[in-house]
1. Of everything in region 192-215 that's part of a loop (DSSP other than H, G, I, E, B) and of a type in the set (S, T, N, Q), which residue is surrounded by the fewest Cβ atoms within 10 Å (Cβ to Cβ)?
2. Which residues, counting only those in region 122-132, are touching a residue at least 24 places away in the same chain (Cβ under 8 Å) and over 11 Å from ASP174 (Cα atoms)?
3. Looking only at region 360-369, decide whether some residue is in a helix (DSSP H, G or I), over 24 Å from the mean Cα position of the chain (by Cα) and either within 14 Å of LEU280 (Cβ to Cβ) or at pLDDT 90 or above (or both).
4. Quick check on my filter: what residues within region 247-296 are assigned to a helix (DSSP H, G or I), at pLDDT 85 or above and either of a type in the set (Phe, Trp, Tyr) or farther than 30 Å from ARG320 by Cα (or both)?
5. Which residue pairs have Cβ atoms closer than 7 Å, lie 6 or more positions apart in sequence or on different chains, and pair a first residue in region 58-82 that is free of Cβ contacts under 8 Å to residues at least 60 places away in the same chain and buried (at least 16 other Cβ atoms within 10 Å of the Cβ) with a second residue that is β-branched (Val, Ile, Thr) and not in a loop (DSSP other than H, G, I, E, B)?
6. Does ALA47 qualify as being in contact (Cβ under 8 Å) with a residue 40 or more places away in the chain and assigned to a helix (DSSP H, G or I)?
7. GLN29: polar (S, T, N, Q) and touching a residue at least 60 places away in the same chain (Cβ under 8 Å), yes or no?
8. Can you find, within region 26-40, the residue that is surrounded by the fewest Cβ atoms within 10 Å (Cβ to Cβ) among those that are over 17 Å from GLY103 (Cα atoms) and touching a helix residue (DSSP H, G or I) at 6+ places or on another chain (Cβ under 6 Å)?
Amino acid sequence: MSQLDEALRKFEAIEANLVKLENLWDLLQKNIPQGIVFGANPVYEDALRSYERMLTGLPLIDGWKPKTIPYDLDKIAQNRLDAHEIGELTIQIEVDRQIEQPGKELREYRFKFDQKRRQLIQDKIVQLSNEIDELLAKLQEKYPIDYSDRVDIYDEEDVKRWDEIIRNTRKDLDWHLIRANIKKIDVLLGNSVNRPQRWNDMERHLSYAQINDLRDIILYDWPSVKAGIKESLYTSNEPIPVDIQDLSELVASKPSGNIITKLKWENLLPTDFERLIFNLVNLEQSYENAEWLMHTNAPDRGRDVSVYRVYQDPLSGVIRQRIIIQCKHWLNKSISLTDISSLKDQVKLWEPPRINILIIATSGRFTADAVDYVEQHNQLDSAMKIELWAESRLETILASNPALVAEFGLR
């Protein structure tokens, strides 16, 4: 394991603790009553205990970390009562500020944390970007981009010519090196840097690996992505590390080395994999009402997670699609056509309400005939579509969720 990869793991673990603290603070705020209210609230009390314990999981950043513990509810009520009896607005405002102080400190820590993480990855991002520039230049030289060059589907020789070009492109080592560097950049960016425009377009073109995809990557995708990453990384001045007891020491050491994009799926039990998928959709704003149903290996009729995907259509308004996610933690076996056909039939037992989409998520892979079957199925006039989340897709998704990667010990 390289120094940089080890540093990223530490940042991921710290972010996992920070996310938990942020969630606890949200829970505490929701349970603070309006006005002057004395009394017990077990939910608030448990969250307060957890908050104080979780605060120890944050290291110093430039010699500082959040220290303020939220008030208990009786203290909040007493301070509000005292301010009310005094009758001065400034004192009432100060009481509210004291109640909000832990949240303010968390926001400050989040800012500093993201700043440090960007500083950590800057040099490696520049190195990988320069390598991608060189690799694209080599590919463009080997496969010149020509807008006027189109395949004549009625000309057998021309079809053979294009098939040969596509086969050579997909086998080209430089193409695979570009994909590897993009995956490394994805891991480096984590949650501290938003993915720039055309990032998804570039990933799609890289997966198709045809001449027109190479053209779009060179002319549109990569210039936009590279500029967006640079803008995100260099928008603020990073403080100089001064304290060897905190994250600054780690950043100042400038760790280097290869980035491991492969996740350690073998660290998970089947129940862990289900919980990972549940947490993943539960954190996304475009998903709601997630339910983790049944137990692993139980006769669950082909589903492990039920959730609704929500999106806003400019003409039709809010649209909700019911989704069943079948989780398969298969490390040594690919999901076959037979498996998918069986799952497709089993999942219908859970209707009504109607299921719009079946997602099959696996820590392994799908066989080629299974992928072909799903592509053909989705082209039919079928009420239920099927999505395949293979290991590679989950690794791409989780690159934007380093807190989950750390929480489940996937590195």
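The values are calculated or read from the model by the stated rules, or taken from the named source; none is laboratory data. The model shown is predicted, which means the values in this text are computed figures rather than measured ones. Here the Cβ positions follow ideal geometry from the backbone for every residue, glycine too, while neighbour counts run over all protein chains shown.
1. Of the residues in region 192-215, the ones part of a loop (DSSP other than H, G, I, E, B) are 192-198, 209-210.
Remaining after also requiring of a type in the set (S, T, N, Q): 192, 194, 197, 210.
Values: SER192: 21, ASN194: 12, GLN197: 14, GLN210: 15.
The residue in question is ASN194.
2. Narrowing region 122-132 to residues touching a residue at least 24 places away in the same chain (Cβ under 8 Å): 122-125, 128-129, 131-132.
Of everything in region 122-132, those that are touching a residue at least 24 places away in the same chain (Cβ under 8 Å) and over 11 Å from ASP174 (Cα atoms) turn out to be GLN122, ASP123, LYS124, ILE125, LEU128, SER129.
3. Looking for residues that are in a helix (DSSP H, G or I), over 24 Å from the mean Cα position of the chain (by Cα) and either within 14 Å of LEU280 (Cβ to Cβ) or at pLDDT 90 or above (or both), one finds at least one in region 360-369, hence yes.
4. If the condition is that a residue be assigned to a helix (DSSP H, G or I), at pLDDT 85 or above and either of a type in the set (Phe, Trp, Tyr) or farther than 30 Å from ARG320 by Cα (or both), then TRP265, GLU266, PHE273, PHE278 are the ones that fit.
5. Pairs that qualify, where the first residue is free of Cβ contacts under 8 Å to residues at least 60 places away in the same chain and buried (at least 16 other Cβ atoms within 10 Å of the Cβ) and the partner is β-branched (Val, Ile, Thr) and not in a loop (DSSP other than H, G, I, E, B), are LEU58/ILE14; TYR71/ILE99; ILE76/ILE99; ASN79/VAL95; ARG80/VAL95.
6. Numbers: in contact (Cβ under 8 Å) with a residue 40 or more places away in the chain: no; assigned to a helix (DSSP H, G or I): yes.
No.
7. Details: polar (S, T, N, Q): yes; touching a residue at least 60 places away in the same chain (Cβ under 8 Å): yes.
It is true that GLN29 is polar (S, T, N, Q) and touching a residue at least 60 places away in the same chain (Cβ under 8 Å).
8. PHE38
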